[in-house]
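So the structure is just underneath, and the comments pick up after that.
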Amino acid sequence: MSSSVVHLKEMGLTRWVFTTSDKSQIPEPITKGTGDGLGLQELSDSKWVELQNRVSDCQLCSLHGSRHNTVFGTGNPKAHWMLVGEAPGAEEDRQGQPFVGRAGQLLSAMLFSLNLSRHTVFIGNVLKCRPPDNRDPLGDEVRQCAPFLHEQIRSIQPRIILAMGRFAAQALLQADQSIAQLRGRVHCYPINDTPLVVTYHPAYLLRSPQAKAKTWEDLQRARAHYVGQVCGDQ
């Protein structure tokens with residue numbers, strides 16, 4: 001079985017979803033550098049490297065005492081797409097990389113369905129350190145870590161942000177609604193009005209595969225806005 005079929009089956013799709021005309025609207029992937037840590041160690045942008053070092057050395061909240069590694073993010077630092085999750089889990093903390101394991105495999109399938117890959121997007125989290133026992137992040141932890149994420153977004157200047165899961169959506173939009181209330185439209189990221197689409201976290205989809213159909217709707221919505229629509233459109 002080809003890798004493309006495997007990825008599509010992960011998302012519950014049984015055939016290729018883009019027509020030739022659809023695919024022609026997607027810009028060629030940016031291919032600067034190689035590997036999941038694309039360009040992060042080789043950037044000429046000193047501010048990006050400085051930010052990475054500040055995250056690595058951060059002791060602004062108590063999470064620094066229990067972490068093994070900070071998880072700065074991975075992918076293309078000049079990406080058009082930015083994906084944001086909640087916080088590192090146990091394996092992410094060990095590896096220093098976001099979205100590994102089964103959730104990471106499903107995320108790769110989600111990206112594949114959009115003709116993207118982990119090398120052509122940037123993937124990060126609201127928190128850069130793992131909360132103990134995978135508990136929800138605390139308000140102070142979010143406040144201390146938020147400037148790092150905002151600075152990443154300002155530096156990357158993505159054309160669209162995909163917020164994965166309730167917590168990421170609420171943190172990015174400074175909202176308290178449920179994910180059901182936040183899905184179904186394109187929001188504007190408050191800091192710089194970047195279009196932002198809310199969808200389910202891959203870990204939730206592993207527990208509730210019936211939500212994959214709604215996630216596919218979200219991905220299609222994000223893609224439609226990526227190719228030319230604006231914040232606030234349905």
Among the candidates Ala171, Ala175, single out the residue that is part of a helix (DSSP H, G or I), surrounded by 13 or more Cβ atoms within 10 Å (Cβ to Cβ) and of a type outside the set (Lys, Arg). Ala171
Hits in segment 114-125 - residues which are surrounded by fewer than 23 Cβ atoms within 10 Å (Cβ to Cβ) and over 12 Å from Ala79 (Cβ atoms): Leu114, Asn115
Which condition breaks for Val198 when tested against (1) assigned to a helix (DSSP H, G or I); (2) touching a residue at least 12 places away in the same chain (Cβ under 8 Å)? (1)
Positions within segment 156-168 being under 29 Å from Asp45 (Cα atoms) and surrounded by 15 or more Cβ atoms within 10 Å (Cβ to Cβ), in sequence order: Ile156, Pro158, Arg159, Ile160, Ile161, Leu162, Ala163, Met164, Ala168
Yes/no for Ala87 being under 21 Å from Thr194 (Cα atoms) and touching a residue at least 40 places away in the same chain (Cβ under 8 Å): no
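Kindly check whether there is at least one residue in segment 142-155 that is without any contact (Cβ under 8 Å) to a residue 24 or more places away in the chain, surrounded by fewer than 21 Cβ atoms within 10 Å (Cβ to Cβ) and not hydroxyl-bearing (Ser, Thr, Tyr). Break it down stepwise before answering.
Kept after step one, since they are without any contact (Cβ under 8 Å) to a residue 24 or more places away in the chain, are these residues of segment 142-155: 143, 147.
In the following step, the residues that additionally are surrounded by fewer than 21 Cβ atoms within 10 Å (Cβ to Cβ) were identified as 143, 147.
Now narrow it down to the ones that are not hydroxyl-bearing (Ser, Thr, Tyr): 143, 147.
Taking every residue of segment 142-155 in turn, at least one turns out to be without any contact (Cβ under 8 Å) to a residue 24 or more places away in the chain, surrounded by fewer than 21 Cβ atoms within 10 Å (Cβ to Cβ) and not hydroxyl-bearing (Ser, Thr, Tyr).
Does Asp193 fit the bill of being at pLDDT below 95, closer than 26 Å to Gln220 by Cβ, of a type outside the set (Ser, Thr, Tyr) and in a loop (DSSP other than H, G, I, E, B)?
Working: at pLDDT below 95: yes; closer than 26 Å to Gln220 by Cβ: yes; of a type outside the set (Ser, Thr, Tyr): yes; in a loop (DSSP other than H, G, I, E, B): yes.
Criteria met by Asp193.
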Answer yes if at least one residue in segment 63-76 is at pLDDT 95 or above, in a helix (DSSP H, G or I) and touching a helix residue (DSSP H, G or I) at 6+ places or on another chain (Cβ under 8 Å), and no otherwise. yes
Under 6 Å between Cβ atoms, at least 6 apart or on separate chains: pull out the pairs that start in segment 39-52 with a residue that is under 11 Å from Phe72 (Cβ atoms) and end on any residue that is charged (D, E, K, R) and at pLDDT 90 or above. Leu51/Glu151
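Does Leu107 satisfy the criteria of being in contact with a helix residue (DSSP H, G or I) (Cβ under 6 Å, 6 or more places away or on another chain), surrounded by fewer than 23 Cβ atoms within 10 Å (Cβ to Cβ) and touching a residue at least 60 places away in the same chain (Cβ under 8 Å)? Full working, then the answer.
Details: in contact with a helix residue (DSSP H, G or I) (Cβ under 6 Å, 6 or more places away or on another chain): yes; surrounded by fewer than 23 Cβ atoms within 10 Å (Cβ to Cβ): no; touching a residue at least 60 places away in the same chain (Cβ under 8 Å): yes.
No, not satisfied.
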Any residue at all in segment 215-227 that's surrounded by fewer than 21 Cβ atoms within 10 Å (Cβ to Cβ), more than 15 Å from Leu114 (Cβ to Cβ), out of contact with any Ser or Thr (no Cβ under 6 Å at 6 or more places or on another chain) and not hydrophobic (A, V, I, L, M, F, W, C)? no
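The values are calculated or read from the model by the stated rules, or taken from the named source; none is laboratory data. From a predicted model like this one, the values you see are computed outputs, not experimental measurements. Note that we place each Cβ from the backbone using ideal geometry, even for glycine, and neighbour counts take in every protein chain shown.
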